[in-house]
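Here the structure comes first, spelled out in structure tokens, and everything after it is commentary.
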Amino acid sequence: PPPPQQHTKKLTEPMPFGSDILDTGTETDASDIQADIALLPALAEGVNARVKTFSVGLDPMHEQTAAEWFESLGYRTLTGDVKYVKGYWGGTRAEADPRLGASFCQGAADLAPTQDYDFANWLPVPNVLDELASTYPDAKFLLFESEPGWWLDNVYIKAQEAALRGAKCGCGGDVEDRVDAAKCRLGDAVHFCDVYPCVYERTFTTSAVDPSTWVDTYVKHVKNVKQSLGSRLLVVDMETPQSPISVSQQIAAHLGLSANPEAFALAHPFEPHMLARVSEHRRLVFWFAC
């Protein structure tokens, strides 16, 4: 087989995030979710442990990279309302799993879906960090800390993407005005408007970006996380430029992923892995076109 493609995208480049990352045009029901999760993926070469891990930061760029990176290690991954599953040709598909977000927006988050994953992040995971810490006493936590101004730029892009999708799906109005389209459905019983704008409003108090309010919320969240989790938390300083190898080494040491974090980091730098999903999607398009 041909050698794997190398991905060298810089950490400073914004990445597509969450449920907007790949639109398959298909619905996902509960049985599909469970069937895919039941297949425990093999850990990547050099990865010696499957450690329950939650990333509780609010920077969508770093959280997206983290989700893709952990998936590449063989971790069952949930990011927002999206789960990653292996594709037919070795790539990765992004599919809906809105169970955590939907329950959170209905009043109280049902943490049961998190049992199905090794790594979870993005909204509403940061909102329920205390409950997660209590439910999983052996779990480890990550916090990617960004400079507030840079963070605002990143979250603004993500919030605008979500707002555009919300407008197309009819969110914010009456239930009967919702658009019944594939991109607006997160399963048989969950519509995108069941989680948006709720997750943004409950996190930042508003769905539209209010720079002063949102930055204040972000700063307070970072402070609270640092005070809440003790030695179970690794704070990754993204304010200071770091190489993907350095970030990977820190995470590997914190989680105990390898007896040799230095060698691990060289083999698994902390980088996005978009190419695997793009290749999978293109193969599917070609297959069905023929």
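Readers should treat all values here as calculations from the given coordinates under stated rules, not as data from a laboratory. Worth saying up front: this structure is predicted, and the values here are computed from it rather than measured. Note that each Cβ is placed from the backbone with ideal geometry, even for glycine, and that neighbours are counted across all protein chains shown.
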> Cα gyration tensor of the range 122-246, axes a ≥ b ≥ c as square roots of the eigenvalues: rounded (a/c below 1.5), prolate (a/b > b/c) or oblate?
Replying inline: prolate
> Given labels modelled 7 Å from the Cα in the Cβ direction, how far is it in nm from Thr135 to Val219?
Replying inline: 3.2 nm
> Which of Gln250, Val190, Ser231 sits closest to the plus end of the dipole of the range 189-256, meaning its Cα is farthest towards the positive end, when Lys and Arg get +1 and Asp and Glu get -1 on the C-beta?
Replying inline: Ser231
>> What's the ranking of 55-62, 100-107 by average number of surrounding C-beta atoms within 10 Å, highest first?
In response: 55-62, 100-107
> Charges only on Cβ, +1 for Lys and Arg, -1 for Asp and Glu: so what's the dipole of the range 121-243 about the Cα centre, in debye to the nearest 20?
Replying inline: 200 debye
> Is the range 62-114 rounded, prolate or oblate when judged by the Cα gyration tensor, a ≥ b ≥ c being the square roots of its eigenvalues, rounded requiring a/c under 1.5 and prolate requiring a/b larger than b/c?
Replying inline: prolate
